[in-house]
Amino acid sequence: MGRTQGPWRVIHNLSQHPPRTLTTSQALPKSHRSDVAAIVKRQDGLITHRQAIQSGITADALRGLRARGEWISVLPQVYRVVESHQTADSNIRAASLWAGQPACVSGIAAASWWGLIAKAPSRVEITIPRTRRLRSRPEAVIKRRLLPPEDRALLRDVAVTGLPLTSLHAAVALGSAGPEMLDRALQTRVRFAEVRAAHYRNLGCHGSHDAGLLLIAAADRAAAQSERMFIRLMKRSGIGGWRANQAVHVGSLTRTCDFVFLRERVIVEIDGWAWHHTPVRFNADRF
């Protein structure tokens, strides 16, 4: 399925195959057919058992649809109409529909749903409260934890972890490919402060230690980029007499400063609040 990426949403295109409409058996009453068609069009060709019953389809009619192969069971209580195409998006949505509320798509699957990565995982991660009785399946892996309300979002009718938390936790799950994805998200989609706040709200959850290390590394790369920009500006302006990463001694204190103008006795530090994380760390880098 095609996607058009925007800053906060990915638009799902359901018109790639115009000759084929997402309908269901002509044996159903016309009013029921239109209700079901609206649901499956909105949900990548999917419908749940409850939605079908609420649309007026009887249990006998539902069994007939399944027996004739018009509706295909993809997960317990979740069906795909035969006219639709199975896609990475439909797999993620199916797992979300199966898990129900207050479950939330998370991890790499959430990153795919947000459009942060091009390839969706073969297994969808679902986060649920610890009290929910739901077991992992070949199509979905269950993670149990308390998810703060600030870290939940609704995107194209699917509950997913918010963009800041998704960016960080998916970066952990992606392994060696994670830092590049996180850097790209920080540059184009989400602010560092938002990701940091999401990390603090979820301290102690599985992977939070690695997430903290990724945050520090991302801030370090951002600081290095700022320093390179400063050097370019100095050279372009013809300003000399400075040294980079110069050790400076004042009394018993020694600090390595980003830039020092020796003759003018001026120190320039280029590392914003994102790098220091806390007031203690910020002040520790000052004389």
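Where a number appears in this text, it was derived from the coordinates with a stated rule and is not lab data. Keep in mind that this is a model prediction, so the values were computed, not measured. So basically every Cβ, Gly included, is an ideal-geometry build from the backbone, and we count neighbours across all protein chains shown.
Worth a mention:
- Qualifying GluC sites (Glu not before Pro) in segment 68-164, DSSP loop, other Cβ atoms within 10 Å at most 10: none
- Mean separation of Cα contacts under 8 Å, 6 or more apart, over the residue count of segment 26-112: relative contact order %: 26
- Based on Cα atoms of segment 90-206, Rg over Rh with Rh as the Kirkwood radius reads 0.93.
- Per-peptide average of other Cβ atoms within 10 Å, ordering 252-260, 90-98 highest first: 90-98, 252-260
- Across segment 97-240, Cα pairs under 8 Å and at least six residues apart give a relative contact order of 20 percent.
- Averaging Cα coordinates gives a centre for segment 46-91 and one for segment 155-171; these two points are 27 Å apart.
- Radius of gyration and Dmax over the Cα atoms of segment 151-210, both given in Å: 11.2, 31
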